[in-house]
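S.K.: Below is a structure I'd like to ask you about.
What follows draws every value from the coordinates through simple rules; no lab data is involved. Note that the structure is a prediction, hence the values are computed from the model and not measured. Cβ coordinates were reconstructed from backbone atoms using ideal geometry, including for glycine residues, and neighbour counts include every protein chain displayed.
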Amino acid sequence: MTFGEWERWSLKRVKSFGNMTYALIIDDVEEVTVNLSRMLELLGVECKAAFSVREAMLHLLDRPPDIIFLDIVMPGFDGFEVLAYLRREPRLENVPVCVVSTESQEETVKKARKLGVADYIVKPAGIEELEAALRSVKLLPRRRIV
């Protein structure tokens with residue numbers, strides 16, 4: 001699917017969503033956050049990007065998101081440390097987390113699931129996978145809007 005086809009396909013859905021879901025994307029690679037943001041915005045999701053754990057913490061303190069899209073492999077603190085923090089923090093413990101990572105080893109996926117992630121997507125993420133992740137945590141309607 002080309003970007004133009006994907007954009008036309010997705011824009012049909014945006015008008016029907018009503019209140020926007022707010023997502024925080026935590027990934028140290030700007031290109032990834034830009035691509036994820038574009039796809040999520042086409043699904044009617046308001047996005048903020050954090051390129052480091054420190055920046056993510058500032059966003060989390062400012063406004064807790066409805067969902068977090070988190071990379072596991074990052075310099076400094078890794079995604080598992082972020083997950084552990086989120087699960088200990090009462091204000092954030094129930095925020096669904098979807099891991100979006102290049103890391104695809106079974107033990108990594110199991111570790112993430114054990115820490116309570118709602119979904120695990122191996123990069124590169126597609127709009128269908130993001131849409132499915134949002135639906136799985138009831139942040140988008142179950143029926144496809146065409």
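S.K.: Using a Förster distance of 25 angstrom, determine the FRET efficiency expected from the C-beta separation of GLU106 and TYR22, and round it to 0.05.
M.R.: On the way: r = 32 Å, r/R0 = 1.27.
It comes out at approximately 0.20.
S.K.: Is there a quick way to get the dipole size of the stretch 72-117? I mean about its Cα centre, with the Cβ of Lys and Arg at +1 and of Asp and Glu at -1; what is the value in debye to the nearest 20? Write out the running numbers ahead of the final one.
M.R.: Details: 7 positive and 7 negative charges, 43 e Å.
In debye, rounded to 20, the stretch 72-117 gives about 200.
S.K.: State the extension gain, in nm to one decimal, for the chain segment bounded by ASN94 and ARG135, taking 0.36 nm per residue of separation less the distance between their alpha-carbons.
M.R.: Values: separation 41, 0.36 × 41 = 14.76 nm, distance 1.62 nm.
Result for the pair: 13.1 nm of gain on full extension.
S.K.: Ok, one more. Let me make sure I get this right: for the stretch 95-142, a, b and c are the square roots of the gyration tensor eigenvalues over alpha carbons, sorted descending. Under 1.5 in a/c it's rounded, otherwise prolate if a/b > b/c, else oblate. Which is it?
M.R.: Details: a/c = 3.02, a/b = 1.42, b/c = 2.13.
In terms of gyration-tensor shape, oblate.
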